[in-house]
1. If you split all Cα-Cα distances of segment 354-522 into 10 Å bins from zero, what percentages do you get per bin, shortest first?
2. Just to be sure I understand the model, the point goes 7 Å from the Cα along the line to the Cβ. What's the resulting Lys175 to Gln212 distance in nm?
3. Reachable lysines from Lys189, Cα under 30 Å, same-chain residues fewer than 8 places away excluded?
4. Would you list which aspartates and glutamates come within 17 Å of Lys308, measuring only between C-alpha atoms, while excluding same-chain residues fewer than 8 positions from it?
5. Helix 87-96: angle to the longest alpha-carbon principal axis of the chain, degrees 0 to 90, nearest 10?
6. Binned at 10 Å from 0, what are the whole-percent values of the Cα-Cα distance distribution for segment 2-221, short to long?
7. Under a point spin-label approximation (7 Å from Cα along Cα-to-Cβ), what is the Ala44-Asp252 distance to one decimal in nm?
8. Could you give the length gained by full extension between Ile518 and Glu460, i.e. 0.36 nm per residue of separation minus their alpha carbon distance, to one decimal place?
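What follows draws every value from the coordinates through simple rules; no lab data is involved. Keep in mind it's a predicted model, so treat the numbers as computed, not measured. FYI the Cβ positions are ideal-geometry reconstructions off the backbone, even for glycines, and counts take in every protein chain you see.
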Amino acid sequence: MNELLMGDEAVALGALHAGIAGAFGYPGTPATEILESIQARVRAGETDISARWSANEKVAYEEALGASYAGHRALVSMKHVGLNVAADPFMSSALTGANGGLVLAVADDPGMHSSQNEQDSRYFGQFAQIPVLEPSNQQEAYDMTREAFETSECLHIPVMIRLVTRLSHSRANVKTAPPVDATPLPRAKDWREWTLLPVNARKRFSRLLDLQEVLGEYAHDSTFNSLTLNGPKGILVTGLAYNYVREAIGSDNSYSILKIGAYPVPMGKIRELVDHCKEVLLVEEGYPFVEKQLAGLMGLPGKHIRGKLDGALPRQGEMTTDLVRDALGLPMRDLHPAEESVPGRPPQLCGGCPHCDTYKLLTDALADGDQPYYFGDIGCYTLAALPPYNAMETCVDMGASIGMAIGAAKVGEHPVVATIGDSTFLHSGMSALVGAAHDDINMTVIVLDNALVAMTGGQEAMATGDDMIRVIKGLGVNEDHVVYLEPLPKLYDQNVELFRKELAHCGLSVIVACRPCIHAKKKAAAPVAASA
Ligand SMILES: Cc1ncc(C[n+]2csc(CCOP(=O)(O)OP(=O)(O)O)c2C)c(N)n1
Ligand code: SF4
């Protein structure tokens, strides 16, 4: 069968056809559509597997790991920075290994279309010493996902699929194969060693190290690593960047090309390419991951290795066909980029957004006092960093606002304010608030409760309104300083007084500004994802 699929959807369908029993994840561009597409198929009655959002990526990874330990195939998806959050279980799961196939789909965002950095997840795969598959197109995204489950079960190890934005979000025809009905595996023979006490961890780490030779052979033999030897000019290209190379060289068949899609880096094939060529250009979407390993500390004697490290290609942003043509010494194409004729549109909060009223209350309440420290977080509300509010000085990682505010308050600064969205708070702000409550830190936390994960497309919030208040009180915040309000323009006078009072309080205050995102109604009307 053929289906027109985005890269994310191809991974999702590949996982469903590989017989997963559960899909787990936390939203984040460009990975969100992986789980959303499985949820859509659950709603359409095509499958009844469990496919619900988790509280954060660490929890999602642990849920998938639990399903795998119990013998079921599981997919877990997240954006690149999400893997920082999930790094703890991820790294140690390489030691325990998997029972039912465990596949982690991570989507990187070169060019930072919607991210705070552009880290390259292949390093995480190498760090954990697990296999990584990097599709160059939607078909490979589907095929590799299916293969990843087989490999994971066969070698008892998690496998990573690394996507990038352009692949995640573009569509192509995908030829699918008949689905398999994966029956759950029995308890693994070595399950007692999953308890990573030092005595077990040492054994498991030895197992992981022993496995490296097998993984090297796997990558060497993989059909996703294909070598074509022609003339003395070589190109080593990974993943999606293969498309830019093909477009740049057109029908010129004189180049020798090694296309890498399966890691660990296939050293034997690289050796063949390098031995055959005088010069090699490395084209990678992301960091110079293979290039660094190839160039080593001293470079390769007698060989001209070019790429991001010598400036032939830029180290930042996405690859393009013209960048590759330039690096190959080919003339630029006569194109008129669409951007030239499209006026820039700075991002802004929607008209009628509840966050606008909350930031107005905050800045008005603080207008006559000392300049506050505004610690911010990630979500639609990050736009409050811009005029007219100018009420955010930091946005580093999810949940960071509360921790940073504690730090500033602990060294004696005042007033100190943290603003954080509901989903971000539940993702990773809560643990910091426990400490702030314990020490009654002199700061004010504003929870922007709009009942949705708005920035990533309006996923369901895990707690809102009364539930959110209960969570906050349950974390130990003094009930007298947990304030609930609706940031409606008609309630401005009473609300601004509440803000002034709590900002003046010497100790911890939490204000929950609760009003749904204007898109919440639309989302509520849509059918809810079922889960088994
Ligand atoms: C570790 C990590 N995971 C996921 C994301 C993607 N992301 C950005 S903001 C956000 C949540 C926004 O929801 P909320 O805090 O409720 O604010 P809202 O957008 O609704 O105002 C997510 C999931 C991210 N930036 N970092
Ligand atoms: S999507 Fe919702 S939360 Fe985001 S800016 Fe628009 S109204 Fe505000």
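1. With 10 Å bins starting at 0, P(r) equals 11, 45, 38, 6, 0.
2. Each label point lies 7 Å from its Cα, and together they span 3.8 nm.
3. Once the sequence-local lysines are set aside, what remains near Lys189 is Lys58, Lys203.
4. Within reach: Glu118, Asp120, Glu279, Glu284, Glu285, Glu291, Glu318, Asp322, Asp326.
5. 50 degrees
6. For segment 2-221, the pair-distance distribution reads 9, 37, 38, 14, 2, 0.
7. Reported label-point gap for Ala44 and Asp252 is 4.3 nm.
8. Details: separation 58, 0.36 × 58 = 20.88 nm, distance 1.39 nm.
Once the chain is fully extended between Ile518 and Glu460, it gains 19.5 nm.
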